[in-house]
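Report on the following structure.
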Amino acid sequence: MATAVTTRPASSFWAAVREAMRGTHQDYTTGSLPRAIFLLAVPMVLEMFMESLFAIVDVFWVAHLGADSVATVGLVESMLTVVYSVGMGLGLSATAMVARRIGEKDREGAAVAGVQAIALGLVAGLSMGAPCFFLAPRLLRLMGASPAILAVGTGFARIAMGGCSVVLLLFLTNAVFRGAGDAAIAMRVLWVANSINLLLDPCLIFGLGPFPRLGVTGAAVATLTGRSVGVVYQFYRLFKGGEHIRVLTRHLRLKAQVMLRLLKVSLTGITQLVIPHIAWISLVRIVSVFGSAALAGYTIGIRIIIFFLLPAWGLSGAAATLVGQNLGAQQPERAEEAVWRTGWYNALFLGGEGLVMMIFAVPIVRIFTHDPAIVSTGASCLRILSVGNVGYAYGMVMLQAFNGAGDTLTPTWVNFFGFLLLEIPLAYELAIPLGMRSQGVYWAIVAAECAIAAATVGLFRLGRWKAKRI
């Protein structure tokens, strides 16, 4: 009897994991809320884990080429954050609208919204990609790249920034799947895309076997190839149909009214995400003042932080889907409870990870480099940024909750004050006039993120997001 009692919960847990990984017909507006969070969060966390693994492995191989190559990746990634912000901003509106239609049991409307979002992303990607391809060297110079960085990094920058349309399509189509509740499909897409990248990275960087030796440019080629295959797989699954959404031929036409609604929400969503990314570019520019070693340490440290934060971002994505679907089903109280539960789970998750990074900062950074100067700045980055982990946890969940409701304006104002008026001036003041160098930048990040978390929790409690229509 004792064996039966202890075995059943374990069996039930793994059955739920298998269901989450396979995809489920679960209606997220009814039934157990912890189960709904679990079924959505498992594939979202695993999806973001693979994305974070890609980021960390990418810089691991590039680090073997030296500080200039790592600095190249850091500079280009900081510029690409503008592209990511456009994709994620469009994705916020796509997730919110698709989730709302699914909650209203309007699958036809969900498919139409998904198609309009993807069309917007394609236009935006082509508009940004072509100019970035030709202007890549000038953009690197603008970011403070040295002649040595320009020599090794121009090819990387052209390919990485020229492939904007692939990045946006990958972001947007996965946002559609998540909004519909098909998080397992979004997970598999990134696993396919990033697995290809992970396999090609060392081959193209170092010229293994029949592959050419492309140096740091090989990392960009590997990434673009993997993401392109991922987009093809997305379209296959979108037309084949998931558990909650399927696009048919009749949906492949532009709907001006739906597109305009998406664009309206997206503009504030894009602005919301552009703001922290402008802050990130500004921080990279401040750190670059202290030389390639400081910039390489910052790049490695941030990549490691992203490795830990992206799965937490995946967990917070469950809040956006649950808020959107439950508001569509006229259940605002269930939506609110989902957010508080998800915030608590996220705080436990990130709090534990923060302790690990504080204790093992130096050994973790030494996985990527043994240069004493880079190890010192990278370890300092890990220790200081980990101080704010619980704040980050609640902040990202609250921001996702507002976005899932279609209220992208509130997080935009919070980000404006937190990043532009607090983080950038504080980082400059601490780093340069007060002489704290890169550590001043790290403490400014902690202060800004914790202030944003406190503001979003207070605004969420007011409950105005429950009346948002989309």
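Every number here is computed from the coordinates shown, using simple stated rules; none is lab data. None of the values given here were measured: they were computed from a predicted structure. Cβ atoms come from the backbone with ideal geometry, glycine included; neighbour counts cover every protein chain shown.
For the range 229-289 versus the range 186-224, the spacing of their alpha-carbon centroids is 24 Å. Geometric descriptor of the range 102-211, per residue, is 130 Å³ (volume of the convex hull of the Cα atoms). For Lys240, the aspartates and glutamates whose Cα falls under 19 Å of its own Cα, not counting residues fewer than eight places away in the same chain, are Asp106, Glu108, Asp182. Count Lys and Arg as plus one, Asp and Glu as minus one, and take only other residues whose Cβ is under 15 Å from that of Gly317; the net charge is then -1.
Working note: 222 nm ellipticity from helices only, DSSP H runs with n ≥ 4, each -39,500 (n - 2.57), summed and divided by the residues of the chain, gives -28500 deg cm²/dmol to the nearest 500.
Excluding residues fewer than 8 places away in the same chain, name every one of the aspartates and glutamates whose C-alpha is closer than 15 Å to that of Lys466. Lys466 reaches Glu333, Glu336, Glu337, Asp407. Within a straight-line Cα-Cα reach of under 18 Å, Lys468 can be paired with the following lysines, leaving aside sequence neighbours fewer than 8 residues apart in one chain: Lys264. Compared with the dominant principal axis of the Cα atoms in the chain, helix 389-404 is inclined by about 50°.
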